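Worksheet: one structure, shown below.
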Amino acid sequence: MREKIAKGVALITGLLVVGGAFLFGALQSPGPEAAVAGAPDARPTEERLQAPDTVLAEGRRVYDEQNCALCHSIAGEGSPRSPLDGVGDRLDAEELRLWVVDPQAVDPGVRKPAYDDLPEDEVEVLVAYLQSLTDPNS
């Protein structure tokens, strides 16, 4: 009897998980009206992450637009006081995201401004770009 109940609960749980995944996917996918000529790319971040070169280029664009090189350097370009070389080896995505949007949550004494007004898709591509900055010697 317990085995039948356990199998039933497992089946219902599996159906709920699959149904939730489909619902989440449907809510995240833009409708046909999002594909307007000249409109910015409205694809969800998950889809754009399947094209790493595009994501990294977008992340670098955000880095440049936000003038991150005023305080940071990459491969010797920018301010040498806070180099980002190898940051992808030291910090995971969530830690990088916090350093971008809420640096005081990571280090209350830091003088880094919070970029909490950046759109979420720009934060995600910037984080992906920063994660790509690994130490080639490791």
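Read the figures in this text as sums done on the coordinates, not as results from a lab. Remember, it's a predicted structure, so these values are computed and weren't measured experimentally. As a convention, Cβ positions derive from the backbone with ideal geometry for all residues, glycine included, and neighbour counts pool all protein chains shown.
What the table shows:
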| quantity | calculated |
| --- | --- |
| Cα centre as origin, Lys/Arg/Asp/Glu Cβ charges: the range 45-131 dipole, Debye | 480 |
| Ordering of 83-91, 109-117, 1-9 by packing [mean C-beta count within 10 Å, highest first] | 83-91, 109-117, 1-9 |
